[in-house]
Amino acid sequence: MPSGRRRGVGPRRWLKAAGNFLLAIVLTYLGLLAVTFFIGRVIPIDPVLVIVGDHASEQVMARVREEMGLNKPLWQQFYIYLGKVLHGDFGVSVLTSNPVLQDIKRAFPATIELATLGIIIGAGIGVPLGVWAAVRRGGLVDQVVRVMGLIGYSVPIFWLGLMGLVLFYARLGWVGGPGRIDVSYEYTLTLVSGFMLLDAARAGQWDAFGNALSHLILPAALLGYFSLAYISRMTRSFMLNELAQEYVVAARAKGLSEARIIWRHALRNAAVPLVTVVTLSYAGLLEGSVLTETVFAWPGLGLYITNSLQNADMNAVLGGTIVVGSIFIGLNLLSDLLYQLLDPRTKKR
């Protein structure tokens with residue numbers, strides 16, 4: 001009988017953990033929807049005035065307000081808004097006259113393409129630099145990593161973007177200018193997936209591929225540098241902690257090579273928290289590339305939200321904010337899951 005109770009503990013504990021996990025997702029998403037909705041209502045912008053214009057009569061404004069449901073109590077407006085969002089309806093954009101979700105599907109691949117190349121640069125360079133800085137603590141590389149991190153945290157990204165355009169595009173001509181591709185290729189390349197590099201390679205248009213890459217490399221390198229500054233610093237911190245552990249001393253006493261100790265043992269243990277850092281850095285690039293997209297006229301979600309906000313298009317602003325927040329929540333949950341999979345201490349006994 002006691003053994004039966006013990007056998008039942010595992011499934012009950014698993015169901016309870018799964019229930020708590022799903023409840024956390026639901027509450028977080030509801031909180032995100034509530035915050036975006038009420039901020040949209042608090043902002044001193046009248047969506048009716050944006051639609052009908054300044055010279056519309058009171059009767060017209062009242063009719064439009066009633067059609068939009070803005071004459072209802074706030075809690076009822078939120079209930080209606082929640083139902084529409086859960087069905088994928090973010091309303092119609094005033095700026096483009098298209099459904100907001102359709103605009104987001106068109107703009108978001110550009111942001112994903114930019115942020116993905118940025119995190120590849122940031123993690124691909126930042127992790128080895130952080131390891132090297134920890135191994136050579138106090139040396140030249142360590143000092144360089146610290147200075148890079150300081151610059152990355154203190155220099156505004158829009159200033160670096162403008163300086164990069166002036167130097168590498170206007171002066172040296174090494175990269176493409178603002179935008180995603182030259183106008184000469186814009187109407188000859190058919191976008192199927194929305195990812196310009198992928199579609200150009202799939203169609204065999206390698207000249208368009210090279211042109212798109214020349215436009216992508218500078219803003220992606222800029223985002224990559226900012227993620228590199230953070231990732232290299234965190235990698236250095238994690239590696240210093242691991243290199244001070246007793247198992248490293250024991251491995252050296254056994255005669256293992258320094259390279260094997262560093263890359264096979266210390267970095268493997270440091271990779272557990274590092275996965276969370278890289279994942280959240282990627283989420284930060286997806287949601288925080290607004291200034292970069294504005295400087296480089298990159299037609300992604302950040303530029304779409306910025307233009308919508310400047311034109312008081314609140315449906316588009318709220319829809320874009322919800323999508324970005326949802327992705328951040330999803331990547332945060334993914335990082336927690338990866339942490340549990342990689343760290344044996346978190347596994348159920």
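The values are calculated or read from the model by the stated rules, or taken from the named source; none is laboratory data. For clarity, every value in this text was computed on a predicted model and none was experimentally measured. So basically every Cβ, Gly included, is an ideal-geometry build from the backbone, and we count neighbours across all protein chains shown.
Every residue, every condition in (1) surrounded by 19 or more Cβ atoms within 10 Å (Cβ to Cβ); (2) aliphatic (A, V, I, L, M), yes or no:
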site: Leu95; (1), (2): no, yes
site: Val100; (1), (2): yes, yes
site: Phe108; (1), (2): yes, no
site: Ala115; (1), (2): yes, yes
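Does Val35 fit the bill of being at negative phi, modelled with pLDDT of 75 or more, in a helix (DSSP H, G or I) and not assigned by TED's automatic domain parsing to the domain that holds Ser335?
For Val35, the condition - at negative phi, modelled with pLDDT of 75 or more, in a helix (DSSP H, G or I) and not assigned by TED's automatic domain parsing to the domain that holds Ser335 - is met.
Looking at Val192, Val166 in this structure, which one is over 30 Å from Ala259 (Cα atoms) and outside any helix (DSSP H, G or I)?
The unique qualifying residue is Val192.
Identify the single condition in (1) hydroxyl-bearing (Ser, Thr, Tyr); (2) without any contact (Cβ under 8 Å) to a residue 40 or more places away in the chain; (3) under 30 Å from Ala244 (Cβ atoms) that Tyr185 does not satisfy, given that it satisfies every other one.
Tyr185 satisfies every listed condition except (3).
Among what's in the stretch 195-204 and is on the phi < 0 side of the Ramachandran plot and either part of a helix (DSSP H, G or I) or exposed (fewer than 15 other Cβ atoms within 10 Å of the Cβ) (or both), pick the residue that is modelled with the lowest pLDDT.
Ala203
Among the residues of the stretch 307-333, count how many are in a helix (DSSP H, G or I), out of contact with any Asp or Glu (no Cβ under 6 Å at 6 or more places or on another chain) and crowded, with 16+ Cβ neighbours inside 10 Å.
Qualifying residue count for the region: 17.
I want to confirm something. Restricting to the stretch 205-262 and keeping residues that are assigned to a helix (DSSP H, G or I) and polar (S, T, N, Q), which single residue is nearest to the chain's Cα centre (by Cα)?
Out of the qualifying residues, it is Ser227.
Quick one: which of Val192, Val183 is out of contact with any Leu (no Cβ under 8 Å at 6 or more places or on another chain), of a type in the set (A, V, I, L, M) and within 26 Å of Thr321 (Cα to Cα)?
Of the residues listed, the single one that is out of contact with any Leu (no Cβ under 8 Å at 6 or more places or on another chain), of a type in the set (A, V, I, L, M) and within 26 Å of Thr321 (Cα to Cα) is Val192.
So, Ser281, is that one surrounded by 19 or more Cβ atoms within 10 Å (Cβ to Cβ) and either of a type in the set (A, V, I, L, M) or in contact (Cβ under 8 Å) with a residue 24 or more places away in the chain (or both) or not?
So Ser281 fits the description; yes.
Could you list, in sequence order, all residues of the stretch 203-241 that are under 30 Å from Arg260 (Cα atoms) and charged (D, E, K, R)?
Result: Arg233, Arg236.
Go over the candidates Gly88, Gly10, Gly69 one by one and state the one that is surrounded by fewer than 14 Cβ atoms within 10 Å (Cβ to Cβ), modelled with pLDDT under 70 and in contact with a helix residue (DSSP H, G or I) (Cβ under 7 Å, 6 or more places away or on another chain).
Exactly one residue qualifies, and that residue is Gly69.
Please find, among Val290, Val275, Val295, the residue that is free of Cβ contacts under 8 Å to residues at least 60 places away in the same chain and of a type in the set (A, V, I, L, M).
Answer to the check: Val290.
Mind checking which pairs have a first residue in the stretch 308-328 that is without any contact (Cβ under 8 Å) to a residue 24 or more places away in the chain and a second that is crowded, with 23+ Cβ neighbours inside 10 Å, Cβ under 9 Å, 6 or more apart or different chains?
Leu309/Ala316; Leu309/Val317
Please go through the stretch 87-142 and give me each residue that is among the small types (Gly, Ala, Ser) and without any contact (Cβ under 8 Å) to a residue 40 or more places away in the chain, ordered by number.
Gly88, Ser97, Gly124, Gly138, Gly139, listed by residue number.
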